[in-house]
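S.K.: Supplied in structure tokens, the structure appears directly below.
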Amino acid sequence: MTDILAIRDLDAAALREILVLSEAAQLGKPLAGQGVALYFEKPSARTRNSMEMAVVQLGGHPVYIQRDELGLGTRESAEDVVRTLQCYHGLIAARVKDHSVLEQMAAAADAPVLNMLSDSDHPLQALADLLTVKQVAGRIEGVRIAYVGDANNVCRSLAEGCSLLGAELSIASPDGYGLADPPSGVRQLVDPAEAVAGARFVYTDVWVSMGQDSETEARRRALAAYQVNEALLSAADDAWFLHCLPARRGEEVTDAVMDGPRTAVWRQAQNRMHTARGAMAWMLGVRP
Ligand code: CP
Ligand code: NVA
């Protein structure tokens with residue numbers, strides 16, 4: 001039984017296995033006769049839908065649960081909630097405001113626990129990002145990627161994945177918005193032009209993540225020079241544009257880049273379903 005709360009829970013071999021499983025034509029039905037609990041404390045388009053479809057493809061039944069109906073932490077403790085959910089479900093997946101809630105759930109659960117986004121990490125997104133790089137560039141190792149903007153949950157998981165698989169990630173963020181402890185091989189810079197020089201992929205995410213609304217104006221001011229627009233993209237090496245979505249068009253990215261000939265964001269979104277299937281199959285013991 002293996003939890004995935006963060007990419008750092010995996011080693012390079014496990015990460016490669018999940019990516020292989022994500023592209024496998026047939027994984028069988030490891031969830032046959034079982035449910036998967038999908039618990040959300042925040043909104044979602046891609047994660048909910050890709051996970052629900054991936055569960056169905058693995059032979060299981062997804063149950064979508066919103067925070068208010070469960071009252072986790074108020075009506076019932078996180079520990080008692082997962083002890084209950086695992087009576088019905090073969091796997092428990094959660095999107096939480098506070099990463100420590102996932103740790104509480106994982107500590108109490110016998111069923112595997114999967115992080116569908118927390119304040120610190122978004123491992124399912126990083127799996128789709130790495131698969132997209134592999135498909136577009138033909139490899140991951142040695143590929144130069146630039147991440148421009150707020151070094152948030154998406155950036156942290158991407159950085160850990162790049163570090164494990166040998167992609168050369170450069171992050172550009174203003175002071176106070178970078179990764180304090182970049183994993184080995186990952187560069188934390190300030191200048192966006194320096195980060196994108198020679199990059200094959202340029203990645204960004206929103207300046208204001210879910211739950212940070214009170215910081216909106218301060219974040220917009222701090223990150224204003226970090227917009228991915230045609231001028232910045234042209235400083236890269238004929239680069240592909242990546243974004244986990246949802247995008248705030250006109251803030252961290254322009255329409256021209258989002259809708260331009262070098263956008264890979266819809267392939268990324270598609271890959272969310274394939275990597276969700278690969279990750280869950282791997283957690284249930286399927287191997288390539
Ligand atoms: N990228 C992503 O996780 O999107 P959602 O928030 O819509 O699930
Ligand atoms: N950093 C964003 C990612 C959304 C998929 C957030 O946490 O809101």
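S.K.: Quick one: in segment 52-70, of everything that is more than 20 Å from A106 (Cβ to Cβ) and over 21 Å from the mean Cα position of the chain (by Cα), which residue is surrounded by the most Cβ atoms within 10 Å (Cβ to Cβ)?
M.R.: H61
S.K.: Can you tell me which of G176, G149, G166, G161 is on the phi > 0 side of the Ramachandran plot and within 16 Å of ligand 1 (Cβ to nearest atom)?
M.R.: Among G176, G149, G166, G161, only G149 is on the phi > 0 side of the Ramachandran plot and within 16 Å of ligand 1 (Cβ to nearest atom).
S.K.: Any residue at all in segment 86-95 that is away from ligand 2 (no atom under 16 Å from the Cβ), under 26 Å from P288 (Cα atoms) and touching a helix residue (DSSP H, G or I) at 6+ places or on another chain (Cβ under 8 Å)?
M.R.: Checked against the condition, which is being away from ligand 2 (no atom under 16 Å from the Cβ), under 26 Å from P288 (Cα atoms) and touching a helix residue (DSSP H, G or I) at 6+ places or on another chain (Cβ under 8 Å), segment 86-95 yields at least one hit.
S.K.: What strands (runs of 3 or more DSSP E) lie completely within segment 50-148 and have 2 or more residues being in contact (Cβ under 8 Å) with a residue 60 or more places away in the chain and under 24 Å from R200 (Cα atoms)?
M.R.: Correct list: 144-148.
Let's see how each residue does on (1) touching a residue at least 12 places away in the same chain (Cβ under 8 Å); (2) assigned to a helix (DSSP H, G or I); (3) surrounded by 20 or more Cβ atoms within 10 Å (Cβ to Cβ):
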| position | (1), (2), (3) |
| --- | --- |
| E217 | no, yes, no |
| A231 | no, yes, no |
| L242 | yes, no, yes |
| M273 | yes, yes, no |
| G278 | yes, yes, yes |
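S.K.: Within segment 190-215, track down each residue that is out of contact with any helix residue (DSSP H, G or I) (no Cβ under 8 Å at 6 or more places or on another chain) and part of a helix (DSSP H, G or I).
M.R.: Once the filter is applied, which keeps residues that are out of contact with any helix residue (DSSP H, G or I) (no Cβ under 8 Å at 6 or more places or on another chain) and part of a helix (DSSP H, G or I), segment 190-215 yields E194, A195, D213, S214, E215.
S.K.: Considering segment 161-177 alone, what residues qualify as being among the hydrophobic types (A, V, I, L, M, F, W, C), within 16 Å of L15 (Cβ to Cβ) and in contact with a strand residue (DSSP E or B) (Cβ under 8 Å, 6 or more places away or on another chain)?
M.R.: Selection gives C162, A167, L169.
S.K.: From V143, V154, grab the single residue that is within 17 Å of A264 (Cβ to Cβ), in contact with a His (Cβ under 8 Å, 6 or more places away or on another chain) and modelled with pLDDT of 95 or more.
M.R.: V154
The values are calculated or read from the model by the stated rules, or taken from the named source; none is laboratory data. Everything quoted here is computed from the prediction, not taken from an experiment. Heads up, the Cβs are rebuilt from the backbone with ideal geometry, glycines too, and the neighbour counts pull from every protein chain shown.
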